[in-house]
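Worksheet: the structure to be examined is printed underneath.
Since every read-out is calculated from the coordinates, none of them should be taken as a lab result. No experiment lies behind these values; they were computed from the predicted model shown. Cβ placement follows ideal geometry from the backbone for every residue including glycine, while neighbour counts extend to all protein chains displayed.
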Amino acid sequence: MTDRNTPRIGIIGAGAIAGFYGLMLQRSGLEVRFLVRSDQETLRRDGLSLRSKSLGDIQQHPVQVCSQIEELDDCDWILVTTKTTANAQVAELLKRLPTPVAKVVLLQNGYGNEDQMRALLPAQMSLFAGLCFIQVRRTAPGQVWHQGGGSINIGYHSGAASQEQGVGQAGELVWLFNQAGVKSECVDAKQARWQKLVWNVPYNGLSVVLDADTSSMMNDPSCLALITDLMQEVVDAAAACGYPLSEKLIPAMLNSTRQMGNYYPSMHGDYTDRKQLELQAIYREPLKAVRTAGGDMPKVAALLQQLEFIQARLDREKQ
């Protein structure tokens, strides 16, 4: 049992990100509650299971499973792990919290997520960006396969707190993650989102267009050249928007991706599951931002056009 002095973490979602970080936080002694729509009975009965190359096999049971947002009302932090395509629905849930003074963290890919969510939430809620650098996927309800990585960076976006107070609050969550064995640090939210786009833009989109994993893409010279070009466009776009990134970033990301092995990015999973692709957050919003700043990303725009064709085909199949 946990006491009232133990930090309480609410997690919206039950996918791979929710399972991994929720398990690690609960394992460190924190109280963690999962708000899920489906698989509630499975999670209550079996808990969470993690298979990991670096951490081994970990079982967490029991886990607290919630069916109503009100059950997260007294949580110190609420982590949103759902896809950006569900943010409007998540905002409606959060507005139902009896106590609207909450610290909400978006553990999502993409750009502009916090700006869009800010417009939908009460002003009292503090909003944070959470950037996850991890290769993980859900293999079954409550079962997570961790292939590598796991670090998470936290940046304050907006809310009732001042900028200084918000950064201090972000530091508190960073400390909790580090205590849980998850490497974490405080970052500038928008700069960190641009940094993560350097990886997400090429690999997510190309994995769908080419139906390929990271190893296959990295081993093909033509594809590797395209990946590098797409990365450079994102780096140049970030600079145009006032967020310069290190010149060492692209070589470092290419090197770390070579070590991933046969990894399929999250958008490929959405594609194979016939779910909505996160085109708005990962492609349209960054393109809009750089064009507003007077720049462009022509190869990224061409990749988006191909993905929009694929999304339209998926939509027709559902009709």
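A few points about this structure:
- Estimated FRET transfer efficiency (Asp74, Asp273; beta-carbon r; R0 41 Å; 0.05): 0.75
- Annotation: the antiparallel percentage among DSSP beta bridges lying fully within segment 8-187 is about 40.
- In terms of the mean number of neighbouring beta-carbon atoms within 10 Å, the peptides 148-155, 7-14, 174-181 order highest first as 7-14, 148-155, 174-181.
- 3J(HN,Hα) from dihedral phi, segment 86-99, Karplus parametrisation 6.51/-1.76/1.60, rounded to Hz, x for glycine, proline: 9, 5, 4, 5, 5, 4, 5, 5, 4, 5, 7, 4, x, 10
- Segment 96-181: C-alpha gyration tensor shape, a/c 1.5 cut-off, then a/b vs b/c: prolate
- Ordering Thr272, Thr214, Thr228 by the number of other Cβ atoms within 10 Å of each residue's own Cβ, fewest first, gives Thr272, Thr228, Thr214.
- Antiparallel DSSP beta bridges within the chain, percent to nearest 5: 40
- Residues with amide H under 5 Å from that of Leu35, placed H, sequence gap 5 or more: Ile11, Ile12, Gly13, Cys66
- Over segment 8-187, all Cα pairs binned in 5 Å intervals from 0 give whole-percent P(r) values of 1, 9, 18, 23, 22, 16, 8, 3, 0, listed from short to long.
- Between segment 85-117 and segment 163-221, the alpha-carbon centres lie 18 Å apart.
- Using just its DSSP H runs of length 4 or more, each adding -39500 (n - 2.57), the chain gives a mean residue ellipticity at 222 nm of -14000 deg cm²/dmol after division by all residues.
- Compactness index (Cα Rg / 2.2 N^0.38 Å), segment 171-319: 1.10
- Å³ per residue enclosed by the Cα convex hull of the chain: 134
- Taking 15 Å as the cut-off, the amide N atoms of segment 242-280 that come nearer than this to a point 7 Å along the Cα-to-beta-carbon line of Asp220 belong to 263-265.
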